[in-house]
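Notes to accompany the following structure.
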2 protein chains.
Amino acid sequence: MSTQPRLVEVRQNVLKQNDLLARSLRERFREAGVRVVSLVSSPGSGKTALLEKMLTLLQSQYHVAALVGDLATENDAARLARSGAAVRQISTGTICHLDAQMIERALEEWKLDELDLLFIENVGNLVCPSSYDLGEDLRLVLLSVTEGEDKPLKYPTIFNTADVCVITKMDLADAVEFEATAAHNNIQSVRPGMGVFEVSAKTGAGMDELLRFLSARIAKSEEV
Amino acid sequence: MSTQPRLVEVRQNVLKQNDLLARSLRERFREAGVRVVSLVSSPGSGKTALLEKMLTLLQSQYHVAALVGDLATENDAARLARSGAAVRQISTGTICHLDAQMIERALEEWKLDELDLLFIENVGNLVCPSSYDLGEDLRLVLLSVTEGEDKPLKYPTIFNTADVCVITKMDLADAVEFEATAAHNNIQSVRPGMGVFEVSAKTGAGMDELLRFLSARIAKSEEV
């Protein structure tokens, strides 16, 4: 496969361009005073359910908005719009991740300085999104109890590029015989010291703690 | 992003080479009389659990083996080896899919004509594996009840490249309020006429039907 090294080289150029654009996005977010939190996970880990819950709960206190990436459909944007927050869908076609340019385009016409917090929901994928900086301040990696405790070991890169892990669907923990200790050990072995929250978007369990953490982050950004 | 078209072009060359190699693999499998079934799905949809169940149940009747792809760890191979079948792990590093060359390499030293059935478990990913032909006869796409009924609409390409859909973790259907009709409608709207099996590797429900289908496929290949 003689083209393989060439593919890697071209991919690295694309990544370099992405990193430059992400850096300028990060600067723009900082100047506008908006804190940006991205969510990555497998398909079906409950990113949209968690995001809907967060948007609904944070709406009373902050100006929040969300960008949601998917290969196809506008389902998630429609679902999230029920929270009352501004939401825009990014359709990636056959591309397995968002990139900084997609974010930049989706933000056209949006007044960033009117926002406190912008969420970016990436395409459901535990591999591709790890290489693309989106200019976010904080990257949450979700791990649902139904996926198996070994996912951090199998997909170490995405856990390494994330800042915080959120274990989702805790309401199903008993039904799937979720082994919390094994999951926590696996997370820590891949990314020692990583903060971990356990939540259920369905019952609301654990949401307070996660939102307190996010609010503290927003406050910190306002001080800067 | 001026490098984007170039990336697409190089990627197409890689795909072309993959397709050629996959074609020769398919020919080799046919000559050796081995039927090859691949499994694709999200991470955590239960590919390994289903595969372990199938290997165990098919062992008494057939010579079965499996190749399992993961970014890191040999966990799945160790787990599957408990079935008694020959199993080899393929570690892809940071690559989000298997390709034909990885399959060819992993098969070195294996006597294909002693096998009836070879399973290939792809990396957990609903995007990347769809573009890579592995020389398989049959591609199963798994959809677990915990992922949400809308996955076929969000990831149409992978459903389009698969032959059969297996809905997994049916034992959790009630706990997650799985809407079977919506799931089936979404599958059919993306890939009209697609065969669908509902199984639980945990309880064994639905396994008979799936194995009868696979056995019929193997018999058909022996006739050729």
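The values are calculated or read from the model by the stated rules, or taken from the named source; none is laboratory data. As the structure is a computational prediction, the values presented were derived from the model and not from experiment. Positions of Cβ are generated from backbone atoms using ideal geometry, with glycine treated the same way; all protein chains shown enter the neighbour counts.
Overview of results
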read-out	value
Residue that is at the interface with another protein chain (Cβ under 8 Å from one of its Cβ atoms), touching a residue at least 40 places away in the same chain (Cβ under 8 Å), in contact with a Gly (Cβ under 9 Å, 6 or more places away or on another chain) and over 17 Å from B:A22 (Cα atoms), where the choices are B:L126, B:L142, B:L115	B:L126
Top-ranked residue of segment A:145-167 - restricted to ones that are assigned to a strand (DSSP E or B) and buried (at least 23 other Cβ atoms within 10 Å of the Cβ), ranked as nearest to the other protein chains (Cβ to nearest Cβ)	A:I167
Conditions (1) surrounded by 23 or more Cβ atoms within 10 Å (Cβ to Cβ); (2) in contact with a Lys or Arg (Cβ under 9 Å, 6 or more places away or on another chain): number failed by B:S131	(1)
Residue match in segment A:187-202 (condition: closer than 30 Å to A:G135 by Cβ, within 14 Å of chain B (Cβ to nearest Cβ) and surrounded by fewer than 16 Cβ atoms within 10 Å (Cβ to Cβ))	yes
Which numbered condition B:A183 misses (of (1) facing another protein chain (nearest Cβ under 9 Å); (2) at pLDDT 95 or above; (3) farther than 19 Å from B:C96 by Cβ)	(1)
Selection count where residues are more than 9 Å from chain A (Cβ to nearest Cβ) and within 21 Å of B:L51 (Cα to Cα), scope segment B:168-180	3
Residue list for segment B:194-221, filter: touching a Lys or Arg at 6+ places or on another chain (Cβ under 8 Å) and of a type in the set (G, A, S)	B:S200, B:A201, B:G204, B:S221
Residue, surrounded by the most Cβ atoms within 10 Å (Cβ to Cβ), within segment A:74-95, restricted to residues that are among the hydrophobic types (A, V, I, L, M, F, W, C) and within 18 Å of the chain's Cα centre (by Cα)	A:L80
Failed criterion for B:K154 (all others in (1) closer than 30 Å to B:Q17 by Cβ; (2) touching a residue at least 40 places away in the same chain (Cβ under 8 Å); (3) of a type outside the set (V, I, T) hold)	(2)
Residue check, B:R217 in contact (Cβ under 8 Å) with a residue 24 or more places away in the chain, out of contact with any Asp or Glu (no Cβ under 6 Å at 6 or more places or on another chain), under 30 Å from B:L112 (Cβ atoms) and of a type outside the set (A, V, I, L, M, F, W, C)	yes
